[in-house]
Amino acid sequence: MHDQNCCAANSSHNSSGGSTLLGYIGIDTIIEQMRKKTMKTGFDFNIMVVGHSGLGKSTLVNTLFKSHVSRKSAGWARDEKIPKTVEIKAVSHVIEEGGVKMKLTVVDTPGFGDQINNDNCWEPISKYINEQYEKFLKEEVNITRKKRIPDTRVHCCIYFISPTGHFLRQLDTEFMKRLSHSVNIIPVIAKADTMTLEERQEFKQRVRKELEVSGIEFYPQKEFDEDMEDKSDNDKIREAMPFAVVGSDKEYQVNGKRVLGRKTAWGIVEVENPNHCEFAQLRDFLIRSHLQDLKEVTHNIHYETYRAKRLNENGGLHPISSSDTQESNL
Amino acid sequence: MDAIMLQEKLVERLLCPRVRTARQKEKQYVGFATLPNQVHRKSVKKGFDFTLMVAGESGMGKSTLVNSLFLTDLYKDRKLLNAEERINQTVEIIKHTVDIEEKGVKLKLTIVDTPGFGDAVNNNECWKPITDYIDQQFEQYFRDESGLNRKNIQDNRVHCCLYFIPPFGHGLRPVDVEFMKALHEKVNIIPLIAKADCLTPNEIKKLKDRIREEIDKFGIKVYQFPECDSDEDEEFKQLDKELKECTPFAVIGSNTVVEARGQRVRGRLYPWGIVEVENQSHCDFVKLRNMLIRSHMHDLKDVTCDVHYENYRAQCIQEMTSKLAQDNRMESPIPILPLSTPDVDTEKLIKMKDEELKRMQEMLNKMQQQMHDKEQ
């Protein structure tokens, strides 16, 4: 077998009039082909919210996706009891926008950090995340694989930090330290309307410093920046994180426009106003620019780490074959 | 044409730094409609790859056609062997790689050539080196995929095979039939009628009908164009129908540029007229190019990954597991637990568990189907 590497960077004649004569081959149409295909198959996205009760997790997710997608919308019960252990509740919805269908799954973790003794309350969460990886792995190793393996892996975990204004709580650092290597963690400062702008800045800086000192790599992780362009984009985002957010699903009239906000005696906090809080920044970052990247980092890095660990274990893997004692379906 | 402007805009948006869209002013706009663009941004940055195999006897115009399709000159320094030198030649596999860039989109094109195919006196199993090559690429991908470091897997699998049928005969010859039958479950085959400029339109039609009949008769599974979506416009559906009725494509290639009707075109100059390669009334070259590059390139890759490769993989795993059961050996390139020969009782237990698993699997499938139906 011979290999002949010929002339590189050929063609690219610049006839833009679409003439089929001498210039245009048409390989850029492959983008449109891919696009059509992915639009047909649809997307899915799994987001997990962690933080103790009352920090506005469900409200924030509803605000992000402008629809009632979180657990609380399915039967609002104000006097829900605090569960004795951390529960994992996943709710799925299909939302559509601009012809793009997305199956959004919100994984809620009620009971986290609510007990008197919160030792190991991160374990059910860690177990859930690994279970999703295991499910995917089993599908991948199967003899007859599905064309599109259903993806229930957690792509993004939003961690809600209490706006104490002082420091991170011990629970916060413990949780993030243990989970930042198996899932993308995005820390946010919840209920930011309890702090003034200066207080927010100071708090943010303290939190960032603490995260750095504890060696917690939140998303977007520095080590996964692929090129200079990514690095500069992500540096800007990392400088601004953790975002101080306010969530709301009520609308008010401000300056002739209807906006989402929280009405208080001293004014209306506008959720999408960048001068009031950083919700808009979080939304743009999470949904409009890095949604696909979150999925890719989960698939290419976190999942691969899990897979490598499993492959190196003693047991190895059993391919689920329906053909050991039955006919093969080839 | 509008399609081209649309492409340009799309590529521009993909390559420039992430900007807010103007539509953020809309109230209900969340923003994940940009998701398809995000998905492809990385692919555009990384570039695409495509492996095309050409097969057929010497002198069918394969190299010329490839040059015409991709506007390159891949075979500049080729030395053609004379008859004596070719006596002891066996079928070789030669790869040419070329990087093409157009409007910011990079394509790494690999052409797999098969000189010597069908040229000998005794052509028994002359397709074997070719099937072996295709299998080798599948095996290499399989090993890479099952390994630990999957970051930069090179995909050398053959996505499409253009098979050149000589126009001189009355349909498919035995070597054509045998070749296509040996390969139709390993690669997407697109049969072409080569050197179509030696046939009149009537003769071409008769030959195409004959070939289509024989393909059906011998059960050869050539590449099928996927069905049109119901929401495509009428024009597209009409074009698609015409395309399907036109197979196998009768093609002509040319490395030279001639002057015809006041323009410079790729063509062949005869005393009785000029054959233009890109003239749709002269040959099906344009149809082939549009199908291969502009509308079905991605589908060809998908069918290779989802169908041909999966078949190979399933077969491979089956062979491995049965071999392991027989030999009780521990080594295997992919993670499988070695099956020891069980006694009657354990065998019964295994059978029960397997059936349970199968039942659970079926239930899961049903549930998934229900969820899927609900969402539609």
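So here's what we get for this one:
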read-out: Matching residues, the range A:156-192, being open to solvent by 10 Å² or more (accessible area, probe 1.4 Å), hydroxyl-bearing (Ser, Thr, Tyr), in a loop (DSSP other than H, G, I, E, B) and closer than 25 Å to A:THR305 by Cβ; value: A:SER182
read-out: Residue satisfying all of: in the range A:243-276; of a type in the set (S, T, N, Q) and within 30 Å of A:ILE185 (Cβ to Cβ); surrounded by the fewest Cβ atoms within 10 Å (Cβ to Cβ) among these; value: A:ASN275
read-out: Selection within the range A:111-166 - β-branched (Val, Ile, Thr) and in contact with a helix residue (DSSP H, G or I) (Cβ under 9 Å, 6 or more places away or on another chain); value: A:ILE125, A:ILE129, A:VAL141, A:ILE143, A:THR144, A:ILE149, A:THR152, A:VAL154, A:ILE158, A:ILE161, A:THR164
read-out: The range B:297-320 - residue that is touching a Ser or Thr at 6+ places or on another chain (Cβ under 7 Å) and within 9 Å of chain A (Cβ to nearest Cβ) and, of those, most open to solvent (accessible area, probe 1.4 Å); value: B:GLN318
read-out: A:GLU96, sole failed condition from (1) at pLDDT 80 or above; (2) buried (at least 20 other Cβ atoms within 10 Å of the Cβ); value: (2)
read-out: Scope the range A:289-307; condition over 19 Å from A:PHE43 (Cα atoms) and open to solvent by 20 Å² or more (accessible area, probe 1.4 Å); matching residues; value: A:ILE301, A:GLU304, A:THR305, A:TYR306
read-out: Test: B:THR114 is of a type in the set (Ser, Thr, Tyr) and at pLDDT 85 or above; value: yes
read-out: Checklist (1) open to solvent by less than 30 Å² (accessible area, probe 1.4 Å); (2) touching a Gly at 6+ places or on another chain (Cβ under 6 Å); (3) within 21 Å of B:PHE117 (Cα to Cα) applied to B:LEU162, failing item; value: (2)
read-out: A:LEU179 touching a helix residue (DSSP H, G or I) at 6+ places or on another chain (Cβ under 7 Å), of a type in the set (A, V, I, L, M) and within 14 Å of chain B (Cβ to nearest Cβ); value: no
read-out: Filtered residues of the range B:200-257 (kept if within 24 Å of B:LYS62 (Cα to Cα), within 14 Å of another protein chain (Cβ to nearest Cβ) and free of Cβ contacts under 8 Å to residues at least 60 places away in the same chain); value: B:THR256, B:VAL257
read-out: Selected residue [in a loop (DSSP other than H, G, I, E, B), at the interface with chain A (Cβ under 7 Å from one of its Cβ atoms), at pLDDT below 85 and surrounded by 14 or more Cβ atoms within 10 Å (Cβ to Cβ)] from B:VAL30, B:VAL44, B:VAL39, B:VAL11; value: B:VAL30
read-out: Every pair of residues 6+ apart whose Cβ atoms lie under 8 Å, when the first sits in the range A:301-323 and is at the interface with chain B (Cβ under 10 Å from one of its Cβ atoms) and within 19 Å of B:ASP144 (Cβ to Cβ) while the second is open to solvent by 50 Å² or more (accessible area, probe 1.4 Å) and at pLDDT below 50; value: A:GLY316/B:LEU337; A:LEU317/B:LEU337
read-out: Residue check for B:ALA3: facing chain A (nearest Cβ under 7 Å) and modelled with pLDDT under 80; value: no
read-out: From the options B:THR64, B:THR51, residue that is at pLDDT 80 or above, touching an Asp or Glu at 6+ places or on another chain (Cβ under 9 Å), more than 8 Å from chain A (Cβ to nearest Cβ) and buried (at least 18 other Cβ atoms within 10 Å of the Cβ); value: B:THR51
read-out: Subset of the range B:112-155 (residues that are open to solvent by less than 50 Å² (accessible area, probe 1.4 Å) and more than 30 Å from B:LYS46 (Cα to Cα)); value: B:PRO115, B:GLY116, B:PHE117, B:GLY118, B:ALA120, B:ASN123, B:CYS126, B:TRP127, B:PRO129
read-out: A:GLU223 vs. criteria acidic (Asp, Glu), under 30 Å from A:ASN120 (Cβ atoms) and loosely packed, with under 15 Cβ neighbours inside 10 Å; value: yes
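Residue-by-condition table, conditions (1) closer than 25 Å to B:HIS308 by Cα; (2) open to solvent by less than 20 Å² (accessible area, probe 1.4 Å); (3) among the charged types (D, E, K, R); (4) modelled with pLDDT of 90 or more:
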site: B:ASN188; (1), (2), (3), (4): yes, yes, no, yes
site: B:PRO191; (1), (2), (3), (4): yes, yes, no, yes
site: B:PRO201; (1), (2), (3), (4): no, no, no, no
site: B:GLN224; (1), (2), (3), (4): yes, no, no, no
site: B:GLU227; (1), (2), (3), (4): yes, no, yes, no
site: B:LYS244; (1), (2), (3), (4): yes, no, yes, no
site: B:THR247; (1), (2), (3), (4): yes, no, no, no
site: B:ALA250; (1), (2), (3), (4): no, yes, no, yes
site: B:SER254; (1), (2), (3), (4): no, yes, no, no
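The values are calculated or read from the model by the stated rules, or taken from the named source; none is laboratory data. Treat the numbers as computed from the prediction; the structure is a model and nothing was measured. All Cβ positions, glycine included, derive from the backbone under ideal geometry; neighbour counts span all protein chains shown. Only protein heavy atoms, including side chains, enter the accessible area calculation; ligands, DNA and RNA are left aside. Shrake-Rupley method; radii C 1.70, N 1.55, O 1.52, S 1.80 Å.
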